[in-house]
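Below: one structure, written as structure tokens.
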Amino acid sequence: MAGIKEVVRNFRYVKNKLSSAILECSDFRDVIRKYDSKGTLFYLDPPYYRTNENAYIDTVKPMEVYEVLKDIEGKFILSYNDHYVIRKLFDGYTILECTTKYELGKKERGYVKEARELLICNYEVGVKFV
Ligand SMILES: C[S@@+](CC[C@H](N)C(=O)[O-])C[C@H]1O[C@@H](n2cnc3c(N)ncnc32)[C@H](O)[C@@H]1O
């Protein structure tokens, strides 16, 4: 568990890192089209696909995400819940598996749920998650 000093230190670090960041609230397709270039790295965390997690319902279809990402010039990292439809759609891309904990919904469930997620990239990465 991080102490308050560490939290403050992390905030300062992030604040400096994001000092020139631009925040936009737009549809993901518009943002990707606007900023795509050879030097861009996109991180996408779309609504989960067909899970029982009610926090984020699947308002964005994986095919819509795939369609916009397949032709970009830049790099992307895409996180999704581990579902065979997602694996099939992004077959041929780099797919890393990782486990995570869903804090959201903990109150209703009474426990922190462990789940498997996928990190999908359009480039080779030298990191393995467990
Ligand atoms: C799994 S959540 C991501 C949560 C986020 N990473 C965070 O830590 O808060 C999915 C997010 O996609 C957003 N979203 C839904 N449709 C979208 C769209 N068409 N374009 C951009 N974002 C969208 C939702 O508002 C939601 O915040």
| said: Cβ contacts < 8 Å: first residue over 23 Å from Arg33 (Cα atoms), restricted to region 49-65; second residue near the ligand (Cβ under 8 Å from one of its atoms) and at pLDDT 90 or above, any location; separation 6+ or different chain. Result? | reply: Tyr56/Pro47; Ile57/Pro47
| With respect to Val31, is the statement that it is surrounded by 13 or more Cβ atoms within 10 Å (Cβ to Cβ), more than 14 Å from the chain's Cα centre (by Cα) and free of Cβ contacts under 8 Å to residues at least 24 places away in the same chain true? | yes
| task | Considering only region 1-46, state which residues are assigned to a loop (DSSP other than H, G, I, E, B) and within 13 Å of the ligand (Cβ to nearest atom). | result | Leu23, Glu24, Cys25, Ser26, Asp27, Asp45, Pro46
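The values are calculated or read from the model by the stated rules, or taken from the named source; none is laboratory data. Just so we're clear, the structure is a prediction, and the values are computed from it rather than from any experiment. All Cβ positions, even for glycine, are placed from backbone atoms using ideal geometry, and neighbour counts span all protein chains on display.
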